[in-house]
1. Would you call K208 open to solvent by less than 80 Å² (accessible area, probe 1.4 Å), more than 30 Å from H66 (Cα to Cα) and either at pLDDT below 70 or not in a helix (DSSP H, G or I) (or both)?
2. Might you check whether a residue that is of a type in the set (V, I, T) and either over 20 Å from M531 (Cβ atoms) or in a helix (DSSP H, G or I) (or both) occurs anywhere in region 414-421?
3. Could you list, in sequence order, all residues of region 565-599 that are touching a residue at least 60 places away in the same chain (Cβ under 8 Å), closer than 19 Å to A433 by Cα and crowded, with 19+ Cβ neighbours inside 10 Å?
4. If a residue counts only when it is of a type in the set (A, V, I, L, M) and closer than 27 Å to E329 by Cβ, which strands (runs of 3 or more DSSP E) contained entirely in region 440-522 have at least 2 such residues?
5. I'm told A328 meets every condition in (1) in a loop (DSSP other than H, G, I, E, B); (2) open to solvent by less than 10 Å² (accessible area, probe 1.4 Å); (3) not acidic (D, E) except one. Can you identify the failing condition by its number?
6. In region 331-359, what residues are touching a residue at least 60 places away in the same chain (Cβ under 8 Å), part of a loop (DSSP other than H, G, I, E, B) and farther than 19 Å from L391 by Cα?
7. Looking only at region 220-243, filter to residues that are modelled with pLDDT of 70 or more and not hydrophobic (A, V, I, L, M, F, W, C); which one of those is farthest from M154 (Cα to Cα)?
8. Could you tell me whether A546 is part of a helix (DSSP H, G or I), open to solvent by less than 10 Å² (accessible area, probe 1.4 Å) and modelled with pLDDT of 95 or more?
Amino acid sequence: MNHALLNTIQSPADLRRLSRDELQQLALELRDFLLHSVSQTGGHLSSNLGTVELTVALHAVFDTPHDRLIWDVGHQTYPHKILTGRREQMHTLRQIGGIGGFPRREESEYDTFGTAHSSTSISAALGMAVAARLKGEERKVVAIIGDGAMTAGMAFEALNNAGVSHADMLVILNDNDMSISPPVGALNRHLARLMSGRFYAAARDTAKTMLKNAPPLLELARRFEEHAKGMVVPGTIFEEFGFNYVGPIDGHDLDSLIPTLENLRELKGPQFLHVVTKKGYGYKLAEAEPVRYHFASAKFDPAQGFAKSAPGKPTFSQVFGQWLCDMAEADERLVGITPAMREGSGMVEFERRFPLRYHDVGIAEQHAVTFAAGLACEGLKPVVAIYSTFLQRAYDQLIHDVALQNLPVVFALDRAGIVGADGPTHAGAYDIAYLRCIPNMSLATPADENECRQLLTTAFRRNHPTAVRYPRGTGIGAEVAPELTEIAFGKGEIRRESTRRGQRIAILAFGTLLYPALAAAERLDATVANMRFVKPLDVELVTEIARSHDAIVTVEEGCTMGGAGSAVIEALQAAGLATPVLVLGLPDEFVEHGDPAKLLALCGLDAAGIERSILKRFAVKPVLLRPAAANR
């Protein structure tokens, strides 16, 4: 498709000069550009195809960036990026040095609030609306919330606060799964325009003023209004929060969206617009399979769709999913819980085979953890499959509801360490540090796929809270034994013994960085220990190594401040040992998006980087002429 009109849009100001017919054409060109752009870079697809018209309408009606748009969740903002001066940068999407896949304040003035975790937009919008009122500034603030983000308690906490604050703000519910909406038609469009109009708002407010001294009549009028709305719209709950509810309307119909948004722009107080969109809209393959086309992990031909990938090494998520099914078969007490990450956490087969023991609680991480605690109180063995970065949102529940009561809940921490193109919002950089300080909690760090299965089994059979952290994607391709075998709790192992007669270095590896550590050790003739557990730390092994080596290097794919290396130093201090320790891990900064292998290399956590850091810190020389082997 020719993108002649889209190519003239350098900012939303250009868009606001277009006629309605031209905006319709712009939406067609924008969707086509988006589809072909993502087909070359990868990224979130179906959710962005579904927000094209909504994005066009918002920038056409509101004076952005003076008016604030806050997107929630942020993976639906590719059309927004394209229309706000980043069209020519889309080929760099999610790559090192390129633009991010989510809104970023440092990237554009149009990205007014950074998002990626869900359900934050209404709180942020309320803060901005109150700030505008305090500063005496005339501006509109709009929160666009969708993709299940309304399932989180934080969204409703914000609605509750916003309704009583009387702030001038608009919340748009982008309902893209038809879960709470009746069919959208001409009647709803007419009612949406009517209810968003100033005449309706004025009439309603006048009636309330006139009837406030006659409470029975006021209550009768209120109930009549609610019941009249209830016959055609599911908006009563939002009205109870203090919002003026409008909708639902067709989120792909600019002739409905633009007049409704123009009406709402003129209204004071908290407004709520319910729009219905379709994931993958305009691309038949994505419309038919919106979940499959949610994310493009590789390049594809838009005419052909996603290619069927050849079977390869199983990912850690798949290893977990198979273990979950096998353990559920062996122990009927097992219950699986996910906060809206069924596919990402590898639980599709578990849901199919054990539907009564599978619980997707929605984007509600706090509830997921306390729900698990309640199950554990009654003798069940809950397994919470959750991304490392998302468990941060339930830290209070983890401490007070699980650990304090010493309940046997297993946390399967997916996406631990660097996640790659999703960037710092999704990186699991902090779980080692934030988990190991909690009493009763244990934390295991498998080095490969088989060890992951074994440590999950070990964790499940403990009678206290445990966590097993593993990275996104595949490992070295270790063969996974089908047995449900345990590993000695809290014990590591020596994987390579140094033969040096001079200065002896020992590398203590936590997790999958064992293999680049082994590669570096071959060149340096260093001892390597696969530690397996951060808590309980194998203190006996650590002190034994400290007494027989001149220096220790710890390696972890997590933050160094308070991490596994810190645990080793604490153990040595407690034992009265002064062995020098070099701690290698993620730096004290947010690691940007990009290819995971390249990011690890930039952080000095590949084989060459580990060797380089050791040579820089300690007076050792390589014993081989060949360079350090690449990560396997």
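The values are calculated or read from the model by the stated rules, or taken from the named source; none is laboratory data. Computed from a predicted model, the values in this text were never measured in an experiment. Backbone-built Cβ (ideal geometry, glycine too); neighbour counts: all protein chains shown. Ligands, DNA and RNA are excluded from the accessible area calculation, which covers all protein heavy atoms including side chains. Shrake-Rupley method; radii C 1.70, N 1.55, O 1.52, S 1.80 Å.
1. On the way: open to solvent by less than 80 Å² (accessible area, probe 1.4 Å): no; more than 30 Å from H66 (Cα to Cα): yes; either at pLDDT below 70 or not in a helix (DSSP H, G or I) (or both): yes.
So K208 does not fit the description; no.
2. Keep residues of region 414-421 that are of a type in the set (V, I, T), which gives 418-419.
Next, only the ones that are either over 20 Å from M531 (Cβ atoms) or in a helix (DSSP H, G or I) (or both) stay: 419.
Yes, region 414-421 contains a residue that is of a type in the set (V, I, T) and either over 20 Å from M531 (Cβ atoms) or in a helix (DSSP H, G or I) (or both).
3. First pass over region 565-599, keeping only residues touching a residue at least 60 places away in the same chain (Cβ under 8 Å): 566-568, 586, 590-596, 598-599.
With the extra rule that they be closer than 19 Å to A433 by Cα, the set shrinks to 566-568, 586, 590-591.
Those that are touching a residue at least 60 places away in the same chain (Cβ under 8 Å), closer than 19 Å to A433 by Cα and crowded, with 19+ Cβ neighbours inside 10 Å: S566, A567, V568, L586, V591.
4. On the way: elements: 442-444, 466-469, 493-496, 505-510.
By residue number, 442-444, 466-469.
5. The one condition A328 does not meet is (1).
6. Selection gives D331 alone.
7. Narrowing region 220-243 to residues modelled with pLDDT of 70 or more: 236-243.
Remaining after also requiring not hydrophobic (A, V, I, L, M, F, W, C): 236, 239-240, 242.
Values: T236: 19, E239: 18, E240: 17, G242: 17 Å.
Out of the qualifying residues, it is T236.
8. Numbers: part of a helix (DSSP H, G or I): yes; open to solvent by less than 10 Å² (accessible area, probe 1.4 Å): yes; modelled with pLDDT of 95 or more: yes.
Criteria met by A546.
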